[in-house]
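The values are calculated or read from the model by the stated rules, or taken from the named source; none is laboratory data. Because the structure is predicted, anything quoted here is derived from the model rather than measured. Note: ideal-geometry Cβ built from the backbone for every residue, glycine included; neighbour counts use all protein chains shown.
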Amino acid sequence: MLQKTRGIVLHSLKYNDTSNIVDIYTEASGRLSFLVKVPKTKKAAVKSVLFQPLSILEFDADFRPTSNLHRISEAKPYLLFKSVPYNPYKASIAMFISEFLYRALKEEAENKPLFAYLLHSIEWLDECETSFANFHLVFLIRLSRFLGLYPNLDDYHAGDYFDLLNAGFTSQQPFHHSFVRPNEASHLAKLMRMNYETMHLFGMNRAERNRCLAIINDYYRLHLPEFPALKSLSVLQELFDI
């Protein structure tokens with residue numbers, strides 16, 4: 001059935017000399033895979049340059065319930081980026097987030113609140129001119145709400161440990177090894193209370209930011225089945241030496 005929808009590009013892979021397989025998180029049906037023809041002319045209705053990490057598209061596709069690969073007949077940008085592809089810091093963040101979402105989002109079902117969150121986040125990153133060094137940290141923590149993984153903040157007190165396995169803070173050191181000590185747990189507690197507008201108030205150097213990112217990544221790996229090590233993580237860890 002031919003249907004128009006919006007979608008966020010997560011991953012693109014060359015399939016053969018004439019086609020790519022593109023994974024897109026769609027507004028209408030969650031994550032889906034599409035077979036996209038590589039254009040041979042400039043007038044083609046679908047251009048490969050559209051399918052960059054986190055690109056937001058509006059497109060027509062032939063959705064077939066019995067197929068794992070759908071076909072896009074026409075596509076155009078829903079949002080024309082002002083800065084993400086051209087700013088090396090933002091481009092690296094986009095590469096990391098697209099890989100993260102590609103590994104984390106598996107559900108082929110409509111989830112409008114999650115799609116709206118992703119759309120708002122990408123638009124915010126593109127519009128923001130300064131103070132976005134903590135963006136990926138806040139993005140990942142707030143994303144956990146939509147995946148049913150948001151940690152319990154209700155019982156947090158200064159000096160608590162963060163129990164990664166049981167997704168909450170505790171005054172006692174857990175008996176397993178998946179926990180964060182109080183000095184680092186306090187950073188996570190602050191990040192969990194922040195949003196994009198307030199995150200610049202939390203200053204961190206690169207080492208502290210990288211440690212928070214590693215902890216958040218470990219948290220997801222504990223709670224998402226078969227969540228792999230991310231290739232783009234090391235690239236992101238080299239940024240924001242401030």
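The set of residues in the range 187-211 that are touching a residue at least 60 places away in the same chain (Cβ under 8 Å) and among the acidic types (D, E) is empty. Would you check if there is a residue in the range 210-225 being modelled with pLDDT under 90 and surrounded by fewer than 14 Cβ atoms within 10 Å (Cβ to Cβ)? Checking the range 210-225: at least one residue is modelled with pLDDT under 90 and surrounded by fewer than 14 Cβ atoms within 10 Å (Cβ to Cβ). Of all residues in the range 158-190, those that are loosely packed, with under 13 Cβ neighbours inside 10 Å and either modelled with pLDDT under 90 or of a type in the set (V, I, T) (or both) total 0. Per the conditions (1) over 30 Å from G30 (Cβ atoms); (2) not in a loop (DSSP other than H, G, I, E, B), the sole criterion not satisfied by Y156 is (2).
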